[in-house]
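J.: Attaching a single structure in structure tokens format; questions to follow.
What follows draws every value from the coordinates through simple rules; no lab data is involved. Keep in mind that this is a model prediction, so the values were computed, not measured. As a convention, Cβ positions derive from the backbone with ideal geometry for all residues, glycine included, and neighbour counts pool all protein chains shown.
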Amino acid sequence: MDRIRIVGGSPLNGIIPISGAKNAALPLMIASLLTPETLTLENVPRLADVNQLNRILGNHGVDYRLEGKRVGDSPYAGQTIHLDAKTIVDTTAPYELVSRMRASFWVIAPLLARMGEAKVSLPGGCAIGTRPVDLLLMVLEKLGANIEIEGGYVLADAKKGLVGGEIDFAKVTVGGTHTALMAASLAKGHTLIKNAACEPEVKDLADCLVKMGAKISGAGTSTIEIEGVTSLHGARHDVLPDRIEAGTYACAVAMTGGDVLLAGARADLLPLALDVLRQTGAQIDETAQGLRVSRKGGKIRPVDVTTAPFPGFPTDLQAQFMALMSGADGTSRITETIFENRFMHVQELARLGARIKLEGDVAIVEGRPKLKGAPVMATDLRASVSLVIAALAAEGETIVHRVYHLDRGFEQLEEKLQACGATVERLREPA
């Protein structure tokens, strides 16, 4: 199993290109099931989760083709994928595939909307909490589907087609909103979604569906309206830049010092997170090329944060921000309101010398002037990159184990950091 070796203590200086957003690319790829025509997605990141979803979609009969690099392309240029679901040959998503990636459960919506049936394995739990699918199933029932659970599978049936309805979420859910958008696009009549997720990735999916012929208004707000259409056609869509990757590298610069241009990053995708980072002492400037982040001297100031749905502070940046606060000049409080069990990185940060006390859903972080390198183990995607951030600022050598978590969500992480002066290398296990 690969590991990453980091020798800390060097500031970051240079340019880090921001890849396409994984959390946008995955639902966009799943949306290809809604049409028999080709959906072309540009700026798709090269990640393990993208490769896995291609295999899952292939199980349903989706053909995909990757475009090769072109002359003059940056080594970090995103890939272009052509997805063709002309013939869906199987409406079953088996456990052995769904269990490897929770987002693959979302195939239930387009399969049901287009084919009138779907059999999809329940995804089960994961490292950061149970994340039940009850709200997703509620969406389908509100649109007229019959739902049964048998032998660990969800059996969904809508032989006469889905019918528009009113969906009022008890709590904000990105997965539920994705499901509603895809299912309602081919439902008969009008659908009203209340308390919808406002995340940029939700709007990106809606924008793509509109290009495919869907009639959607209000995406990006808490109220979305959809007029169902009988069919969708092919389209070409550019995946938006990854706000979590941008926020992660911004935290790294804030912790290590230096001056880095996050090429392609957009401030409108991270409004509160950027304000919080400025409060810690980082300077962040918008440029035509992206976001420029710097910290030249001065101590890291402690700041309290609470995770919240967009436009609040993202739960997917909580671990990275905790790493930053472990080096602050004072005590901060980080409250996690989205996922239970999302403090699993605390014990590993403690191995680097961080002082963190947990009180329920609150982490109290007592900043220290110096962290020290140590062997650590990644527990999930965002936790793993928090260890990288802390290691970049720690004295001496850190070895991060289980880096397959990183490969799920961060494209060419070592290369991007190396280009900015960090001592980072992958230690590959012999084949």
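J.: Length gain on complete extension for the stretch LYS69 to LYS372, per 0.36 nm per residue less the alpha carbon to alpha carbon distance?
T.: Between LYS69 and LYS372, full extension yields 105.0 nm more.
J.: Would you mind computing, in nm to one decimal, how far apart the modelled labels at LEU358 and LEU155 are, each placed 7 Å from Cα along Cα→Cβ?
T.: In this crude spin-label approximation the distance works out to 4.0 nm.
J.: At 222 nm, what value in deg cm²/dmol follows for the chain if DSSP H runs of at least 4 each add -39500 (n - 2.57) and the sum is divided by all its residues, to the nearest 500?
T.: -8500 deg cm²/dmol
J.: Also, I was wondering about something else. At q = 0.10, 0.13, 0.17, 0.18 Å⁻¹, what base-10 log of I(q)/I(0) does the Debye formula yield for segment 22-238 when every alpha carbon is treated as an equal point scatterer in vacuo?
T.: Debye curve over Cα of segment 22-238, log10 I(q)/I(0) at q = 0.10, 0.13, 0.17, 0.18 Å⁻¹: -0.39, -0.67, -1.19, -1.34.
J.: May I ask you to derive the FRET efficiency for TYR95 and THR223 from their Cβ-Cβ distance with R0 = 41 Å, giving the value to the nearest 0.05?
T.: Here the calculated transfer efficiency is 0.70.
J.: Sticking with this structure for a sec: Once the dipole of the chain is set up with Lys and Arg at +1 and Asp and Glu at -1 on Cβ about the Cα centre, which of GLY234, ILE334, GLY298 lies farthest towards its positive end?
T.: The listed residue farthest towards the positive side: GLY298.
J.: For VAL133, VAL174, which order do you get if you count the other beta carbons within 10 Å of each Cβ and list the fewest first?
T.: In order of increasing Cβ crowding within 10 Å: VAL174, VAL133.
J.: So for each of 252-265, 202-215, 303-316 I average, over its residues, the number of other beta carbons within 10 Å; can you give me the resulting order with the highest mean first?
T.: The most tightly packed comes first, giving 252-265, 202-215, 303-316.
J.: If the cut-off is a Cα-Cα distance under 20 Å, which aspartates and glutamates reach LYS299, setting aside same-chain residues fewer than 8 apart in sequence?
T.: ASP259, ASP275, ASP285, ASP329, GLU366, GLU395
J.: Report, for the chain, the % of DSSP beta bridges that are antiparallel, rounded to 5.
T.: So the antiparallel bridges amount to about 70 percent of the total.
J.: With label points built 7 Å along Cα→Cβ from the Cα atoms of THR230 and LYS86, find their separation and express it in nm.
T.: The answer from the label model is 2.2 nm.
J.: Determine, for THR230, THR331, THR398, the number of other Cβ atoms within 10 Å of each Cβ, and report the residues in order from fewest to most. Don't jump to the answer; show the numbers that get you there.
T.: Working: THR230 8, THR331 14, THR398 25.
Sorted ascending by nearby Cβ count, the order is THR230, THR331, THR398.
J.: Need the list of aspartates and glutamates near LYS160 for cross-linking: C-alpha distance under 15 angstrom, and skip anything on the same chain fewer than eight residues off.
T.: GLU117, GLU141
J.: Given the pairs LYS119/LYS171; LYS203/LYS357; LYS188/LYS211; LYS171/LYS416; LYS142/LYS211, which are separated by over 28 angstrom at their Cα positions?
T.: LYS203/LYS357; LYS171/LYS416
J.: Using unit Cβ charges (K, R positive; D, E negative) and no other charged atoms, how large, in debye to the nearest 20, is the dipole of the chain about its Cα centre?
T.: So the dipole magnitude of the chain works out to roughly 620 debye.
J.: Taking every alpha carbon pair in segment 343-431, what does the distance histogram look like in 5 angstrom bins from 0, in percent?
T.: Result, from short to long distances: 3, 13, 23, 25, 18, 11, 4, 1, 0 percent.
J.: Mind checking the full-extension length gain between LEU272 and ARG102? Use 0.36 nm per residue of separation minus the Cα-Cα distance, one decimal, nm.
T.: Values: separation 170, 0.36 × 170 = 61.20 nm, distance 2.73 nm.
Length gained, LEU272 through ARG102: 58.5 nm.
J.: Arrange MET29, MET377, MET325 by Cβ neighbour counts within 10 Å, fewest through most, would you?
T.: Going from sparsest to densest Cβ surroundings: MET377, MET29, MET325.
J.: Packing-wise, with mean Cβ within 10 Å as the measure, how do 343-350, 357-364 rank, highest first?
T.: Details: 343-350: 20.6, 357-364: 13.5.
Ranked by mean Cβ neighbours within 10 Å, highest first: 343-350, 357-364.
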